[in-house]
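Working notes for the structure below.
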Amino acid sequence: MKKFPLSKKETLGLIKKYPTPFHLYDEKAIRTNAQRFQKAFAWAPGFRNYFAVKACPNPVILKILAAEGMGVDCSSFTELVLIDKLGFMGEDIMFSSNDTAYSEFTEAKRLNSIINLDDTTQLAILEKTVGLPELLCFRYNPGSLREHKGNIIIGNPEEAKFGMTKMQLFDAYRTAKEKGVKRFGLHAMIVSNELISDALAETANMLFTLAGEISKEVGISFEFINLGGGIGIPYRPEQKAVGLEELSAKIEKLYREKITTQGLGKIKIYMECGRMITGPYGYLVSTIINTKDIYRKYIGIDASMANLMRPGMYGAYHHINILGKESSPQDLEYDVVGSLCENNDKFAINRKLPRVEIGDIAIIYDTGAHGYSMGFNYNGKLRSSELLLKTDDSVEQIRRAETLEDYFATVKNFLVP
Ligand SMILES: *Cc1c(COP(=O)(O)O)cnc(C)c1O
């Protein structure tokens, strides 16, 4: 089990300066992990991960990932504005949106980003609004053709709103070619938070086969195949991280069999992982402010589902440690809750923990992706700050907490007293 990177003394010192709750990210661990990931796929022509911005849209984190060689995967106007400001340009940007507004295509084209179309109807829209770019990518949804179904987060491909059918996909490439598009990419994202390397490699298998079929039938060659994100992380202590070297070896073998031997050229391999890049290296630090003993025992912390939605939204497990009590007997069973007036505002249910007291610090693990970014303001909850533990062991606040002024700023003629 991974250890929280600060001692109890350091944490208490930090909390004096930056009140809980906050998310803390570990820069050194993020960089080491990014390097390990890229090294594992060094065999793949032009390998690049386009970090899914939605996972952790903090500018400082995005700059760290850029310095490690990553591109960015965006899906909204706001995300495009953010990455433009950070200096990402052209093919550093993958625009993988769905249910896209015209204004978003305009911005994506203005930045010369790689546009990944989610539906055939978008081809005509794109042509009419901003003109077709020289390079286009299309997103595939295999529906019932997929052997290994996705899990709860994306679900069964037949019920997923993303991507186009196989027939539509062939038509899309044919039409794009006729209309003068010169360079092509192929994309799918079928699984999410997947820990089984065979299930992850199956996406490569499917896309490599498909690329061969499309190339032959439509008479185009592919410049890249984007395997999507979805590499899982071990949220539970008994789970094991995906062996990146093992996954890479499986994909390399498929590449050799399906791409190289069929003479499809040196097709580049891209991914758009978010979760596995920053997820394990973020922590939600909170203070226990209440305990309650009714039909169950409750621990009430000063964070809520508004700071971390995953447990309430998908019943996701996040490991919790009580700072300084790691080696005390974990012999009491609690629900760890926030203060929202919703009974799914629970970080843990029937969780074995040590006896706690008000004022103890609860550390919630693996909040570096889809944590802060999924936050919301229900019940008037204000978003927390984000802190970065830097490589020199100093801590910098990289986003302040929201204030009442922020919360009321959109209301007409309402000033905070
Ligand atoms: C969410 C998403 C990702 C990132 O998924 P992770 O589980 O964070 O790796 C990548 N691509 C698309 C299109 C997505 O929607």
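The values are calculated or read from the model by the stated rules, or taken from the named source; none is laboratory data. Just so it is clear, the model here is predicted, and its values are computed rather than measured. For neighbour counting, all protein chains shown are included, and Cβ atoms are generated from backbone atoms with ideal geometry for every residue, glycine included. All accessible areas refer to the heavy atoms of the entire protein, side chains included, with ligands and DNA or RNA removed. Shrake-Rupley method; radii C 1.70, N 1.55, O 1.52, S 1.80 Å.
Considering only 378, 307, 218, the residue lying farthest towards the positive end of the dipole of the chain is 307, judged by Cα position with unit charges set on Cβ.
For segment 377-417, applying the loop criterion from DSSP together with a ceiling of 15 other beta carbons within 10 Å to the trypsin sites (Lys or Arg not before Pro) yields 400, 412. Assuming charge only on the beta carbon of Lys and Arg (+1) and of Asp and Glu (-1), the dipole of segment 89-271 about its Cα centre is about 400 debye to the nearest 20. Across segment 281-294, rounded Karplus estimates of 3J(HN,Hα) from the backbone phi angles (6.51 cos²θ - 1.76 cosθ + 1.60, θ = phi - 60°) give 10, x, 9, 9, 9, 9, 10, 6, 10, 8, 10, 8, 10, 10 Hz, Gly and Pro being marked x. Take every Cα pair under 8 Å whose residues are at least 6 apart in sequence, average their separation, divide by the length of segment 1-116, and the relative contact order is 19 percent.
Shown are 48, 310, whose ranking by accessible area with a 1.4 Å probe and every protein chain present, most to least, is 48, 310. Averaging the sequence gap over all C-alpha pairs within less than 8 Å and six or more residues apart, then dividing by the number of residues, gives segment 89-271 a relative contact order of 18 percent. Considering only 38, 262, 122, the mean-square fluctuation computed in a Gaussian network model of the chain, springs between alpha carbons under 10 angstrom, is largest for 262. Between amide H atoms placed 1.01 Å from N, distances below 5 Å from residue 49 occur with 71, 271, all of them 5 or more places distant or on a separate chain.
If both residues of a DSSP beta bridge must be in the chain, then about 40% of such bridges are antiparallel.
Taking GluC sites (Glu not before Pro) as exposed when DSSP calls them loop and at most 14 other C-beta atoms lie within 10 angstrom, the chain has its longest site-free stretch at 1-133. Just so you know, the Rg over Rh for the chain is 1.00, from Cα atoms, with Rh as the Kirkwood radius.
Summing Cβ point charges (Lys, Arg +1; Asp, Glu -1) relative to the Cα centre of segment 240-332 gives a dipole of roughly 340 debye. Largest GNM mean-square fluctuation among 42, 362, 176, using the chain with Cα springs under 10 Å: 42. In this structure the amide hydrogen of residue 287, modeled in the peptide plane, comes within under 5 Å of the amide hydrogens of 302, 303, 362, none closer than 5 places in sequence on its chain.
Annotation: amide H of residue 326 has no partner in the under-5 Å range at sequence separation 5 or more or interchain, hydrogens built in the peptide plane. On the chain, 52 percent of the accessible area sits on carbon and sulfur atoms, based on a 1.4 Å probe. For the chain, a Gaussian network of Cα nodes joined below 10 Å ranks 344, 377, 321 by mean-square fluctuation, and the top entry is 377. Pairs with C-alpha atoms separated by more than 27 Å, drawn from the list 216/250; 3/253; 28/109, are 3/253; 28/109.
Bridging of residue 166 to aspartates and glutamates at a Cα separation below 16 Å is possible for 118, 119, 147, 158, 213, 217, once same-chain residues fewer than 8 apart are set aside.
In the context of the full set of protein chains, the chain has a per residue accessible area of 45 Å² (1.4 Å probe). Contact order, relative form, for the chain: 18 percent (alpha carbon pairs under 8 Å, 6 or more residues apart, mean separation divided by residue count). Set the Cα radius of gyration of segment 334-417 against 2.2 N^0.38 Å, with N its number of residues, and you get 1.38.
Kirkwood hydrodynamic radius computed over segment 89-271 comes to 17.0 Å, based on all pairs of distinct alpha carbons.
The number of Lys pairs in segment 292-417 with C-alpha atoms less than 25 Å apart, excluding pairs fewer than 8 positions apart on the same chain, is 12.
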